[in-house]
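**Student:** Below: one structure in structure tokens.
The values are calculated or read from the model by the stated rules, or taken from the named source; none is laboratory data. Fair warning: this is a prediction, and the values are worked out from it, not measured in the lab. We place every Cβ from the backbone using ideal geometry, glycine too, and count neighbours over all the protein chains shown.
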């Protein structure tokens, strides 16, 4: 007798494999491959000695050892939450008081990814709508798919999300009776994954204002995923979207220590509007009643000692060199092909390349197979889009990452990519 | 103009505050209080030196430091998953092969709590039914409430879940057309939270067999929450429920390193039937794409060096002494009151006391206020139940924990509890 089948939930039926697992598998199967695909961080420059010292300080004293090895709290270590709040307000040239914020508005999570998930769970019912940049962070698309949410894409230009297009989309949704399903506008507002573009300074107050103006029947929130903010290589910092929300009602600010410090510590933090704090914390109570406490104690020490800030300064140098290596290599290799363009990011880890329209970069196209044969891997740009009602997404773009490889390897990877394109230009 | 209201999801509307937050608050407001309530672990006996040594080994060598501080994988560190699988199979006197298991069936999570949540999300739609012991782990009830699940309680006796009652309940659900909503039977099968009782040896194969027999239209799974298995103070170990599921189709085994090692490392592990592996891992990918990697490396070292097993041996001594202190104090203080009974657990952290029927232990009753005034706190037993269709739950029971306090404090706490009862006996 065969066993009766499992009966899965609606959530399980909507949840898919990671969209990049095919490419991860390809990378594993290809020895000598240069991966310009992975969004991993440079592991030669982890602050190992600082983390080791912090850990020895914590475990070398009975009281702090007990505190770090006991259960933490659902919202996270208060000392670290206080530091996070101060950092963000300081970066924005303001104070917690001016933004109507206290440590109670700050939550620590298992990377910022967990906050993306929790927010969706407390906000979305299947059929709700989220507005995302086109292209956007493909892992978040997976969350939204799991949660049964419809993604509507707002185009971008060099200044990030096109706010005229955003207003036009919201007006259309209003006139067609769909606005009541719109819960959230999602933006990766610094050195975006996947394009490397940032939301321009003058658009920042406007974006929050648009959310406010279209919040007539119910509130439309802005989720500012600022994961790459601290990885800035050129130019001045831009004000966080939270700083344009003095009543603390519209903007969720989320970021992570994974990119600027170490992913193995797996700690993200968020600043939430008052009314979201209890619902998110209660749900996190059901998920895990608190992320890993020990690593929160480590991060608190790193920040308090100044080691964290020193690390950021040196890490920026490392990544700036890699970014420059990639941009120079792209100029050298692709400068003879004027139809191909790419972004020049001032931070983060990603460069976004646009090929001529007919040029297919994704699975089934010629380029990905040739690139793999030539020993280089990229992420096809189509993964960054959710198809609209017409089912069409751009298929002529790619994401390159300069995070993992050393400059020489980056240069060689770009050479291999150019070689893979030869014969496909026409 | 006032701001438009937030519109929360169905999940958010179903998710409540922790049921014990009232008592936690009371405890914080009462100086000198002895808490026999909290399920925290004894922090004087964390393996601090072992963890510190493991950490220095990991961070003292470039290759292992990089591996521990980089992103891990969604399912967790393969070396630790391998160790977990071997431990469970060894405890059951069997092998992974005999149980149709490989390392691919093992998942690491942010405490075992996260697995309780993930499983619910992939299995339950609102209106589904889970069968739980009465009483059961109240935090899990919170998860089930959040997920819109109906809990049906199966009574317990000294041998744990009453399997005749379980069969009768399933037969009733079958005859009333509700069996198709039954997805899971949940049992805390070793030194249960909250009663301290274990599922008797002879009931173990029978429980799995019942799940199998009632899986006609769809599969009914058994979730064995074995969090306290390693905290055993008397008698032989009992075989895990997984060992009675050689086709690996019916039983999910979940446990944690929080209780036997340190909650600050926040790592649980589970062994899953084949068909659950991909759905759970995919959903975990959306939640966080992997729990904290660094602590997984620490645990791997602790187990490999033997430090973990040595720690368990000494920890059992510590808790055995506390358990004995509580049982002796209960005999001394309550021996003159034959209507009051309590469990004598062979492991874990909890003793379950039953007062005469009229005796109300919960909020609004006389005992809790008097106990707080006398400087002792317990968990009212009613939190362990979800009301059935008749809305009635037992209100004359309490949970005492001997996990945190030292033996003298436990004795004093029990004395205070007895004093709080004086005048209420009639």
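**Student:** Would you pick out the residues in the stretch A:113-140 that are at pLDDT below 95 and crowded, with 20+ Cβ neighbours inside 10 Å?
**Tutor:** Of everything in the stretch A:113-140, just one residue is at pLDDT below 95 and crowded, with 20+ Cβ neighbours inside 10 Å, namely A:138.
**Student:** For the stretch A:237-263, which residues satisfy the criterion of being more than 24 Å from residue A:45 (Cβ to Cβ) and in a loop (DSSP other than H, G, I, E, B)?
**Tutor:** A:238, A:239, A:240, A:245, A:246, A:247, A:248, A:249, A:250
**Student:** Just to verify a result, which residue in the stretch B:264-296, among those that are more than 8 Å from chain A (Cβ to nearest Cβ) and assigned to a helix (DSSP H, G or I), is surrounded by the fewest Cβ atoms within 10 Å (Cβ to Cβ)?
**Tutor:** Across the stretch B:264-296, the extreme among qualifying residues is B:274.
**Student:** Given the criteria closer than 29 Å to residue B:380 by Cβ and within 14 Å of chain A (Cβ to nearest Cβ), does residue B:157 qualify?
**Tutor:** So residue B:157 fails the test.
**Student:** Check whether at least one residue in the stretch B:124-135 is closer than 19 Å to residue A:122 by Cβ, in the same structural domain as residue B:259 (by TED's automatic domain parsing) and touching a residue at least 24 places away in the same chain (Cβ under 8 Å), and report yes or no.
**Tutor:** Taking every residue of the stretch B:124-135 in turn, at least one turns out to be closer than 19 Å to residue A:122 by Cβ, in the same structural domain as residue B:259 (by TED's automatic domain parsing) and touching a residue at least 24 places away in the same chain (Cβ under 8 Å).
**Student:** Scan B:204, B:213, B:219 and give me the residue that is more than 28 Å from residue B:259 (Cα to Cα) and crowded, with 16+ Cβ neighbours inside 10 Å.
**Tutor:** Result: B:219 is the single residue among B:204, B:213, B:219 that is more than 28 Å from residue B:259 (Cα to Cα) and crowded, with 16+ Cβ neighbours inside 10 Å.
**Student:** What number of residues within the stretch A:159-180 are farther than 17 Å from residue A:219 by Cα, part of a loop (DSSP other than H, G, I, E, B) and in contact (Cβ under 8 Å) with a residue 40 or more places away in the chain?
**Tutor:** Total satisfying the criteria: 1.
**Student:** Separate question: Among the residues of the stretch A:1-16, what is the count of those that are assigned to a helix (DSSP H, G or I), facing chain B (nearest Cβ under 7 Å) and in contact with a helix residue (DSSP H, G or I) (Cβ under 9 Å, 6 or more places away or on another chain)?
**Tutor:** 2
**Student:** For the stretch B:341-385, which residues satisfy the criterion of being assigned to a loop (DSSP other than H, G, I, E, B) and farther than 25 Å from residue B:408 by Cα?
**Tutor:** Answer for the stretch B:341-385, where residues must be assigned to a loop (DSSP other than H, G, I, E, B) and farther than 25 Å from residue B:408 by Cα: B:356, B:357, B:358, B:359, B:360, B:362, B:363, B:364, B:365, B:385.
**Student:** Please note which helices (runs of 4 or more DSSP H) are completely contained in the stretch B:17-99 and include at least 2 residues that are more than 10 Å from chain A (Cβ to nearest Cβ), modelled with pLDDT under 90 and surrounded by 17 or more Cβ atoms within 10 Å (Cβ to Cβ).
**Tutor:** B:21-29
**Student:** Quick one: residue A:266 ticks every box in (1) more than 14 Å from residue A:115 (Cα to Cα); (2) assigned by TED's automatic domain parsing to the domain that holds residue A:231 except a single one, so which number is it?
**Tutor:** Here residue A:266 clears every test but (1).
**Student:** Inspect the stretch B:418-426 for any residue being within 27 Å of the chain's Cα centre (by Cα) and modelled with pLDDT of 95 or more and give the result as yes or no.
**Tutor:** Looking for residues that are within 27 Å of the chain's Cα centre (by Cα) and modelled with pLDDT of 95 or more, one finds none in the stretch B:418-426, hence no.
**Student:** Can you say whether residue B:148 is in contact (Cβ under 8 Å) with a residue 60 or more places away in the chain, part of a helix (DSSP H, G or I), touching a helix residue (DSSP H, G or I) at 6+ places or on another chain (Cβ under 9 Å) and not assigned by TED's automatic domain parsing to the domain that holds residue B:347, as far as the supplied structure shows?
**Tutor:** no
Matching residues to (1) in contact with a helix residue (DSSP H, G or I) (Cβ under 9 Å, 6 or more places away or on another chain); (2) within 14 Å of chain B (Cβ to nearest Cβ); (3) outside any helix (DSSP H, G or I):
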position: A:301; (1), (2), (3): yes, yes, no
position: A:312; (1), (2), (3): no, no, no
position: A:332; (1), (2), (3): yes, no, no
position: A:339; (1), (2), (3): no, no, yes
